[in-house]
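As structure tokens, the structure follows; a few thoughts come after it.
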Amino acid sequence: SPLSKRARAMLEDFQASLEQGISKIGVLNDEEIHQAELERVFGRNWNFLAHESEIPNKNDYVLRSIGDDTFIVNRGSDGEIRVLLDVCPHRGASICRAAKGSSSHFQCPYHGWTFKNNGDLVGTPSFKDAYSGLDRKEWGLTQAPRVEIFHGFVFATLDENCPDLKESLAGMGWYLDMIFSLQDEGMEVLGEPQRFIIKANWKIAAENFSGDDYHLMTLHKSTYDIGVMQIPLRENMKGYHIQAGNGHGISFSIDLESKDPLFFYYPEEIVKTFNLENLSEKQLELARGSRVCVGNIFPNISFLMLPLSPDPKNVPPTPLFTWRVWQPKGKDEIEVWNWFMMYKNTSEEFKRASYRAAMASFGIAGTFELDDAIPWETITRNAKGTFAKKNMKLNLQMGMEGMGTAKQVMEWPFPGIAYYPRYEEGNQRHLYRHYLKEMLSEE
Ligand code: FES
Ligand code: FE
């Protein structure tokens, strides 16, 4: 549906100021904007639903959503992964009542229509009396228009005409390839994804992960003071911000002086399991120098790999990988879906250590996670104020011409546009530039 006049005016006002590094708080808590986002952002782009390792066996399934639509993501009895809309074509009831499980069939609780896990309608109670003459082939479950699997990560889009996932990922695909192909076996999910509600708008979280390293020095300072994070916070600002195209942003903390390969501080026995031949020379160069990597895949998929200690006096920092979706639950609320993952071919002991480090820092009650929720919620609350909505401009100028030390890296050998050091908000502007393009496009 077309944008309302009011929503269009708000977005155009934001677009007009963005190149001066000014963003508008009003878009962070607005019902009309939220409704338009469901169609124009989440409805048109690729959404992450599940990792293959969550449904390893035939008939396994998990229940996931895109915006307000719920899908059964399953591995059929034939081994194929499908994404089926969890809406019964009889009267529209939800069919699947568990968050995960294993089943060859799904039966709707209302009148008992029964579907095979490939979506086919195979059972209609009292068929002869009620439906003789019905062509059951036409009344199966609806599938997501397109599904693609990237290094085991299952994505779907609701838009038939969306470019392929690889094309949509633009430069980001290259960086993700680097991370996920370090080991031949790739990654797997550890435990269950955590889910929790934050009373915040999804864009604030996406902005944060796309390139806000600056907040560590204040908001997360205590994690350095007690030894959870052991890379000095100013030192950690050395590295790159990369605008990876289509609104995607990624950021690396790099130690340029280090003679030894860093590989995110994976211990030697893990580095030995890496197959470095999977990487191009350039990818290898970047991985060797990296200590922290954080990013956001447009619109709302974020990830982070870094070494942290769960118990600074007794346990050294252990690399962890968190992959999360900021699932919008309204204009002012997200359900965070938080997966911890690790390279598959590592010892159980190492996986446990990584999981423990992840839980203690980026779990629901983790040292980092708790910090971020508070300012994100206050921003969202402030964005509702009648006066603030109308008058507040926000500063998104860090690293622009004449602001601070960040400079564009002119001969950047990798994809995207890069800046060094990380005192810079170009990734956030890149995110919003793409966001506004999507929101204002009538196609
Ligand atoms: Fe599902 Fe009637 S609504 S069988
Ligand atoms: Fe944070």
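Values in this text are rule-based calculations from the coordinates and carry no lab data. Since the model is a prediction, treat every value here as computed from it, not as a measurement. Glycine also receives a Cβ, built like all others from the backbone with ideal geometry; neighbour counts cover every protein chain displayed.
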Lone cysteines, the chain (no partner Cβ under 4.7 Å): CYS96, CYS162, CYS293
One finds the C-alpha centres of region 54-84 and region 219-280 to be spaced, in Å, by 33
Where does the charge balance sit around ASP372 when Lys and Arg score +1, Asp and Glu -1, over other residues with C-beta under 12 Å from its C-beta? -4
Cα-Cα over 22 Å, subset of LYS100/LYS331; LYS203/LYS384; LYS58/LYS329; LYS24/LYS166: LYS100/LYS331; LYS58/LYS329; LYS24/LYS166
D_trans [Stokes-Einstein, Kirkwood Rh over alpha-carbon pairs] for region 48-149, 37 °C, 0.692 mPa s, µm² s⁻¹: 237
Apply the Debye scattering formula to region 211-328, with a single equal point scatterer on each alpha-carbon and no solvent, then give log10 I(q)/I(0) at q = 0.14, 0.19 Å⁻¹. -0.65, -1.19
By average Cβ neighbour count within 10 Å, what is the ranking of 410-416, 141-147 from highest down? 141-147, 410-416
Within the set of other residues whose C-beta is less than 11 Å from the C-beta of GLU188, count the net charge using Lys and Arg as +1 and Asp and Glu as -1. -1
Determine which lysines satisfy two conditions relative to LYS351: a Cα distance under 19 Å, and not lying fewer than 8 residues away in the same chain. LYS272
Taking amide H atoms as placed 1.01 Å from N in the peptide plane, list the residues 5 or more away in sequence, or in a different chain, whose amide H sits under 5 Å from that of SER65. PHE71
Folded to 0 to 90 degrees: helix 202-211 orientation relative to the chain principal axis, Cα: 40
How do 205-216, 66-77 rank on mean C-beta neighbours within 10 Å, highest first? 205-216, 66-77
Note: the chain at 10 °C, 1.306 mPa s; Kirkwood Rh on alpha carbon pairs; Stokes-Einstein D in µm²/s works out to 69
First measure r as the distance between the Cβ atoms of LEU276 and THR386, then evaluate 1/(1 + (r/R0)^6) with R0 = 56 Å and state the FRET efficiency to the nearest 0.05. 0.50
In degrees from 0 to 90, rounded to the nearest 10, what is the angle of the helix 367-382 Cα long axis to the longest principal axis of the chain? 80
Based on the Cβ-Cβ distance of GLU39 and ASP225, what FRET efficiency does E = 1/(1 + (r/R0)^6) give at R0 = 45 Å, to the nearest 0.05? 0.50
Return a whole-number percent for the relative contact order of the chain, with Cα pairs under 8 Å and 6 or more residues apart as the contact set. 20
Just grab the label-to-label distance for LYS344 and ALA99, each label 7 Å out from Cα along the Cβ direction, in nm (one decimal). 2.5
Please give the helix 348-362 orientation as an angle from the longest Cα principal axis of the chain, in degrees from 0 to 90, rounded to the nearest 10. 80
How far apart, in nm, are the 7 Å Cα→Cβ label points at ASN57 and SER77? 1.6
Mean residue ellipticity at 222 nm from the helices of the chain, using -39,500 (n - 2.57) per DSSP H segment of n ≥ 4 over the full residue count, to the nearest 500 deg cm²/dmol? -7500 deg cm²/dmol
Between region 294-309 and region 376-430, what is the C-alpha centre distance in whole Å? 17
